[in-house]
Amino acid sequence: MKNLINFMNKKTLLIGLIGLLFLTFVLASVFIDNSKSNFDSGTYANTFYNSSVGSGAVQLNLSYNNGTYTSRIFSTGSNVSLNNLSWNYQRIQCSSDMAYINKLNGYCIDKYEASPLNADGTYNTSQFLYNSSTFSTNLLRAGGKAGSVFNRTVWVYINQTDAMRACSNAGKYLCTSDQWLSASNVQGQMYNLPANLVSSPYYCITGSGTYCATGNSPGSGNACNTGANKTGQVSSCVSSEGVYDMTGNVWEWTNETVTYTKPCSPANVTNWCYWNGTAFQASVDATTAVFGNDGVYFSDNSTARTGYAVLRGNRWGYGAADGPFSALLAYAPSLPTNGFGFRCCSS
């Protein structure tokens, strides 16, 4: 009888110890990260714990576009399934007429090439009548500004300086060349695009077959209205972020000037140069196809050029030379013409 009692006592003690160990195991396996000390047990990369946001939150360092945070992981000693929480962070909120680009520390860019607005924000319709820079000068003096609106006549006959002013009047700035290029994908692609984006599924305004109706562009231009194809419907020449007409339609001023000596050889063969991934060359062949044969236009000699503006994307009539990498480096910032437009950015 005594032995039986001892056995029962030992059994009870053992069950109690097992239960205590199980409870300890369960409690030890439950992590609740609700304080700075809890979160600090995790691993940070370009992130930090901000206790002043709500009840506390992991926040992206403002110097970076992305970051990670790994919480404490309890090792069970066996196979487990872990679900990771991930999110996309947009550093700034863009207005409805702009798209967010998650590059270059994050910025907003106009969805459409600029159209002219009056100082009160109404659409200026007199651009149908102008064919010189006088219109731009007078509108800017009256407080006019750049708009980003679907299916409007593109604001051309404006030089780089006035384009800067038009963006500034709108509370924005003229995009840098890097910002422009970072937003210039076509349906998500920048490389290995067809040589001429005039065809399906892009239908960019790049060749004689895409000329738009007379009256869509001031002067003798053949650009389409902003964001529209030649029939006035929504264009398919659009980036994955919703930015239209960055290939073709009109050249776009950027907030850049360059100094260069024409890098193509021989220098007098052609004004167009093509990048083959290593150097510029004067002819188009298979080595340039990775960039879609986009052309860069330099002056027709080897003389050093100083302070020449950077325009991007090309315009309606140059076919295969158009594309995300197409650039015009042969004109001074003071030149206004029917083929030069612009768009604005903000940060």
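The values are calculated or read from the model by the stated rules, or taken from the named source; none is laboratory data. Because the structure is predicted, anything quoted here is derived from the model rather than measured. Cβ sites come from the backbone with ideal geometry, for glycine too, and all protein chains shown count toward neighbours.
Does residue 283 fit the bill of being part of a loop (DSSP other than H, G, I, E, B) and either within 30 Å of residue 116 (Cα to Cα) or not assigned by TED's automatic domain parsing to the domain that holds residue 106 (or both)?
No, not satisfied.
Is it the case that the stretch 150-165 has a residue that's closer than 17 Å to residue 243 by Cα and surrounded by fewer than 17 Cβ atoms within 10 Å (Cβ to Cβ)?
Yes, the conditions are met somewhere in the stretch 150-165.
Of the numbered conditions (1) surrounded by fewer than 17 Cβ atoms within 10 Å (Cβ to Cβ); (2) touching a residue at least 40 places away in the same chain (Cβ under 8 Å), residue 285 satisfies every one except a single condition; which is it?
Failing condition for residue 285: (2).
Considering only the stretch 225-262, how many residues are without any contact (Cβ under 8 Å) to a residue 40 or more places away in the chain and surrounded by 14 or more Cβ atoms within 10 Å (Cβ to Cβ)?
Count: 3.
Just one of (1) farther than 23 Å from residue 102 by Cβ; (2) of a type in the set (Gly, Ala, Ser); (3) crowded, with 24+ Cβ neighbours inside 10 Å trips up residue 313, so point out which.
In the conditions (1) farther than 23 Å from residue 102 by Cβ; (2) of a type in the set (Gly, Ala, Ser); (3) crowded, with 24+ Cβ neighbours inside 10 Å, residue 313 misses (1) alone.
Test residue 273 against the criterion of being touching a Phe, Trp or Tyr at 6+ places or on another chain (Cβ under 9 Å), in a loop (DSSP other than H, G, I, E, B) and without any contact (Cβ under 8 Å) to a residue 40 or more places away in the chain, and give yes or no.
no
If the requirement is being buried (at least 17 other Cβ atoms within 10 Å of the Cβ), modelled with pLDDT under 95 and polar (S, T, N, Q), which of these qualifies: 182, 217, 208?
Residue meeting the stated conditions: 217.
Look at residue 265 and say whether it is touching a Pro at 6+ places or on another chain (Cβ under 9 Å), in the same structural domain as residue 123 (by TED's automatic domain parsing) and part of a loop (DSSP other than H, G, I, E, B).
no
Within the stretch 159-180, which residues are of a type in the set (A, V, I, L, M, F, W, C) and assigned to a loop (DSSP other than H, G, I, E, B)?
170, 175 - these are the residues of the stretch 159-180 that are of a type in the set (A, V, I, L, M, F, W, C) and assigned to a loop (DSSP other than H, G, I, E, B).
Would you call residue 186 under 19 Å from the mean Cα position of the chain (by Cα) and either assigned by TED's automatic domain parsing to the domain that holds residue 342 or of a type in the set (Gly, Ala, Ser) (or both)?
Spelling it out, residue 186 is indeed under 19 Å from the mean Cα position of the chain (by Cα) and either assigned by TED's automatic domain parsing to the domain that holds residue 342 or of a type in the set (Gly, Ala, Ser) (or both).
Can you tell me which residue among 297, 308, 274 is within 18 Å of residue 193 (Cα to Cα) and modelled with pLDDT of 90 or more?
274
Just a yes or no: is a residue in the stretch 139-158 in contact (Cβ under 8 Å) with a residue 24 or more places away in the chain, in a helix (DSSP H, G or I) and not aliphatic (A, V, I, L, M)?
There is no residue in the stretch 139-158 that is in contact (Cβ under 8 Å) with a residue 24 or more places away in the chain, in a helix (DSSP H, G or I) and not aliphatic (A, V, I, L, M).
When you check residue 76 against the structure, is it modelled with pLDDT of 95 or more, hydroxyl-bearing (Ser, Thr, Tyr) and surrounded by fewer than 14 Cβ atoms within 10 Å (Cβ to Cβ), yes or no?
Criteria not met by residue 76.
Would you pick out the residues in the stretch 295-347 that are hydrophobic (A, V, I, L, M, F, W, C) and either under 17 Å from residue 166 (Cβ atoms) or in a strand (DSSP E or B) (or both)?
296, 309, 310, 311, 327, 328, 335, 340, 342, 344, 345
With respect to residue 231, is the statement that it is outside any loop (DSSP other than H, G, I, E, B), farther than 22 Å from residue 185 by Cβ and at pLDDT below 95 true?
Spelling it out, it is not the case that residue 231 is outside any loop (DSSP other than H, G, I, E, B), farther than 22 Å from residue 185 by Cβ and at pLDDT below 95.
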